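K.L.:
This is the structure, below, for whatever I ask next.
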Amino acid sequence: MAPFGAPELLCDLSAWGRPEALREALEGGGYRALCSPDGGHLLLLLPDQRRLLSFPRLAGPPHSPHLELSWPGRSPPPLALLFPRSEPGWALAVVWESGRTELWRPPPARSPEGWACLQSLELCSSPRARVASACLSGGDLVWCEERPPSEATPSARSRPYRYCICVRPLGTAGTVRVLLHHIPPCQLYTGSQHIFMVPDGSTRGIAAQLLMVYSRLEERVTLASRSRGFIHSKSLSEGECDFQRMVVEYLGSMASQGHMATWCCATTGTEELLLMDASGQIYLLCPDGAVRRVYNFKNQDVCDKQIAMQVFGGTLACVLDTALHLIDLHTGRLIEKKILSADGLVFLKVFKTEAVQFLTKTGVYTIGISSGPAGNAESYEKLEPALLEMIFEESCKYYQKRSLNSTKLTVHSFKQEGIFQAPITLLTILKHLQKKENFMDEKYADLLSAMNNELQNYLSLEILKPCIINAAENEMETCCEDLVGKEIDRLLHTDLDRENLVYINSLFSMFPKASWVSIRHNLQFQQNGDGKLVVRATADLWKKVLGPLPTGSKEQNGVHPLFEMICQSLYKFKPKWLPGFVKLAQDCSGLSWGYSNKDNCESVPLYKRALSILGKQKANTTIDRELEIDILLFSGRPLAIIQAIHVLIGLQRWERVIKETKKFSELSSVITKDIFITLLVEFVKHRHLDPYINQLCEICPDDITSTDVLRIVLQNLPKSGVCSPFSCDQSSSLTIGLLKPLLNKVLQNQINVAKNAGTPTFPPSTPHRTDPS
């Protein structure tokens, strides 16, 4: 990256109205400075002087209207200055600690009219309540409110936090809604779609380690910590949420982590939050709860320093007293350190540019990237050569696999002939990202938006890899699980060619638990109220699990298709779910995905593929035999059902044999006849089926005749002097009395068949003789 230049003056104090008053306010120090969204007004909050002043930028008459508010000595100063949207542009919301809020409209451009108070409202319903912090989210005002103890609530010991997060739309008809109850005191920081809640310095105990993110669109709260990252996520769509109930199950794991108070925070402008703790470590909190370390000010005590942080493009500007540190936000590398002569520096975005901007006692300054090849690149050829070659080489590899032409694709053909536009488009996007000015064509902005999620996934994955190298021994397992989970998640959203399949096999082999956790999360394995397995995977994921196997990727040298790997994980970690998964997979395999019969994944039935895995893993225990039987029965295939019932017969589990036979008798006449004949043979050989003779009669097929029954009996009668394979103390002799119910049933079936066919059952009666005379 090109070095940054020296500070340049963008505008001095004469660019603002009432420059003398502005200079006097800045000399006093102890102020908070904000710039309006359009850059037209500078606002200074002076707590010591109990005043709020506005200074318009001079684009017209020197005496433009300004705002000046003051408050009595005993009342607290405003704690938040916010800029909600308002017709025709923006407004200023001033929020006091008591909950009083005033909404001010700035003067119209080139108009002698002054500031106008549009609305005044009270956020707190109790005079003893107070607001700890506030922010804006869309058109809503969100605040952290401390409520007085109530006689109706439990004691302070059981409810130590009396704070809650409230929200209401700006307007006279707005109603207050409580998002979270019983939370620790928090500072609120907002992005366009998310609100970050960071416990303040007064919070002690486990709650001080927790970070919260509220997603406005999803109505969801995500819990995270600096050391663990994502912890838990809960939807608030069902109603208000109690913070203490939400975190109670994580108290044990959080208790072992050291306490580290947050010292400084700043939003990035891209739905992320920067946090600096007292030890000088800077972290980045993402809306999904992911946390990564950005930079570490080693051996520096930041508690007694004036600190300011701000993000400008991809650069983090951090000031410790008079030292300005410029850090690459993506790599965590210190780009440059500058010692500034000005004190009381405040980051302030006045002009629309990616350069670093800050306010001092003499004006607004900027630090931009020095001119050079990297800052003035006009074509993709001027990017780093290694990056250019990597993109084109990967593109060649990708398109060669999918090409029907035997011609070898080369980097030269990509560059010169332009036969594929994707690599060139990607390089063009990178070119625009490297520009100094914050300008991008709408076409490239749309492309970036479409690619953003995938790029962020790759970035977070690459950031996590070096973290493992520096992780402590007790954190190694968690880091590995996170890395494997992210890697499998990435692979499941790519094309599972042979190379990726070999890679994912190695992950399942080396990290079985982490792989199972990732698969369970991606396919959303759940158990419903009836105890049945539910898989809420997307159609694309089912397509990858059940789709055609890549050429040459059938099991070879220990490489399994994805379906077999999932079956292995289920057998190891959730064996009871394996039969249900095979059934759900078989149901989904009937969906039309445009596969030919040759490519269809059912060329080998899924239950046979699952049984092949079970055959290699099982130790021939009772649980394994149960799994085998359930997989066969859940498949719904006639031959598999017959096989399962034969296994049950071999185990002499007669009650379940009869139960499953009756269950599937209506499914297929083939099943019924095969099982009936098998059971009749067993009935002839021994007496264990005597109690089930009535059930055996019920499943007797209609086309079985008494001749068939007698033939089967005679062929399978045990020979004299030969012991039955199922010997018992009782006599194993078969009698006509035992066969009587079955023979009656067969005879009745024959009578019914004859009636339905319209044929006489008995010979016709002999006619009466007539007298020949």
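The values are calculated or read from the model by the stated rules, or taken from the named source; none is laboratory data. Just so it is clear, the structure is predicted and the values come from calculations on it, not from any experiment. Cβ coordinates were reconstructed from backbone atoms using ideal geometry, including for glycine residues, and neighbour counts include every protein chain displayed. For the accessible areas, the whole protein counts, side chains as well, though only heavy atoms, and no ligand, DNA or RNA atoms are used. Shrake-Rupley method; radii C 1.70, N 1.55, O 1.52, S 1.80 Å.
K.L.:
Check whether at least one residue in segment 653-674 is under 49 Å from the mean Cα position of the chain (by Cα) and farther than 30 Å from PRO741 by Cβ, and report yes or no.
P.N.:
No, that holds for no residue.
K.L.:
If you check TRP143, TRP104, which single one turns out to be out of contact with any Phe, Trp or Tyr (no Cβ under 8 Å at 6 or more places or on another chain) and in a strand (DSSP E or B)?
P.N.:
The unique qualifying residue is TRP143.
K.L.:
Identify, please: which residue in segment 475-495 is among the charged types (D, E, K, R) and touching a residue at least 60 places away in the same chain (Cβ under 8 Å) and is, among those, least open to solvent (accessible area, probe 1.4 Å)?
P.N.:
So, considering only residues that are among the charged types (D, E, K, R) and touching a residue at least 60 places away in the same chain (Cβ under 8 Å), the one least open to solvent (accessible area, probe 1.4 Å) is ASP482.
K.L.:
Still on this model: Can you tell me how many residues within segment 704-726 are open to solvent by less than 90 Å² (accessible area, probe 1.4 Å) and either at pLDDT 75 or above or under 24 Å from LYS663 (Cβ atoms) (or both)?
P.N.:
10
K.L.:
Let me ask another. Does segment 48-65 include one or more residues that are in a strand (DSSP E or B), over 24 Å from VAL142 (Cα atoms) and among the aliphatic types (A, V, I, L, M)?
P.N.:
The answer is yes; a qualifying residue exists.
K.L.:
A further question on this structure: So PHE4 passes all but one of these: (1) in contact with an Asp or Glu (Cβ under 8 Å, 6 or more places away or on another chain); (2) within 18 Å of LYS352 (Cβ to Cβ). Which condition number does it fail?
P.N.:
Every listed condition holds for PHE4 apart from (2).
K.L.:
Answer yes or no as to whether SER509 is surrounded by 13 or more Cβ atoms within 10 Å (Cβ to Cβ) and at pLDDT 85 or above.
P.N.:
yes
K.L.:
Further question: Just name the residue that is farthest from TYR607 (Cα to Cα) out of those in segment 619-645 that are open to solvent by 60 Å² or more (accessible area, probe 1.4 Å), in a helix (DSSP H, G or I) and in contact (Cβ under 8 Å) with a residue 12 or more places away in the chain.
P.N.:
ILE623
K.L.:
On to the next question. Could you check segment 293-306 and list, in sequence order, the residues that are modelled with pLDDT of 80 or more and crowded, with 17+ Cβ neighbours inside 10 Å?
P.N.:
Residues satisfying the conditions are VAL294, TYR295, PHE297.
K.L.:
Moving on to the next point. When you scan segment 333-341, do you find a residue that is under 31 Å from the mean Cα position of the chain (by Cα), outside any strand (DSSP E or B) and without any contact (Cβ under 8 Å) to a residue 60 or more places away in the chain, even just one?
P.N.:
yes
K.L.:
Can you work out which of the residues in segment 646-696 that are over 25 Å from PRO718 (Cα atoms), outside any loop (DSSP other than H, G, I, E, B) and of a type in the set (A, V, I, L, M, F, W, C) is least open to solvent (accessible area, probe 1.4 Å)?
P.N.:
My answer is ILE671.
K.L.:
Just to check your reading of the model, which residue among THR331, THR360 is of a type outside the set (Lys, Arg) and open to solvent by 10 Å² or more (accessible area, probe 1.4 Å)?
P.N.:
The conditions single out THR331.
K.L.:
Give segment 8-44 a look and list any residue that's in contact with a Ser or Thr (Cβ under 7 Å, 6 or more places away or on another chain), assigned to a loop (DSSP other than H, G, I, E, B) and either of a type in the set (Phe, Trp, Tyr) or open to solvent by 30 Å² or more (accessible area, probe 1.4 Å) (or both), or say none.
P.N.:
Of everything in segment 8-44, nothing turns out to be in contact with a Ser or Thr (Cβ under 7 Å, 6 or more places away or on another chain), assigned to a loop (DSSP other than H, G, I, E, B) and either of a type in the set (Phe, Trp, Tyr) or open to solvent by 30 Å² or more (accessible area, probe 1.4 Å) (or both).
K.L.:
A further question follows. Given the conditions (1) of a type outside the set (Gly, Ala, Ser); (2) modelled with pLDDT under 80; (3) on the phi > 0 side of the Ramachandran plot, which single one is not true for LEU549?
P.N.:
Condition (3) is where LEU549 drops out.
K.L.:
Next question. For segment 173-206, enumerate the residues that are modelled with pLDDT under 85 and open to solvent by less than 10 Å² (accessible area, probe 1.4 Å).
P.N.:
Of everything in segment 173-206, just one residue is modelled with pLDDT under 85 and open to solvent by less than 10 Å² (accessible area, probe 1.4 Å), namely THR203.
K.L.:
Taking THR322 as the residue in question, decide whether it is open to solvent by 20 Å² or more (accessible area, probe 1.4 Å) and in contact (Cβ under 8 Å) with a residue 24 or more places away in the chain.
P.N.:
Considered against the rule, which asks whether it is open to solvent by 20 Å² or more (accessible area, probe 1.4 Å) and in contact (Cβ under 8 Å) with a residue 24 or more places away in the chain, THR322 comes out as no.
K.L.:
Here is a list of conditions, (1) open to solvent by less than 30 Å² (accessible area, probe 1.4 Å); (2) at pLDDT 85 or above, and ALA2 meets all of them except one; can you say which number that is?
P.N.:
Only one criterion is unmet by ALA2, namely (2).
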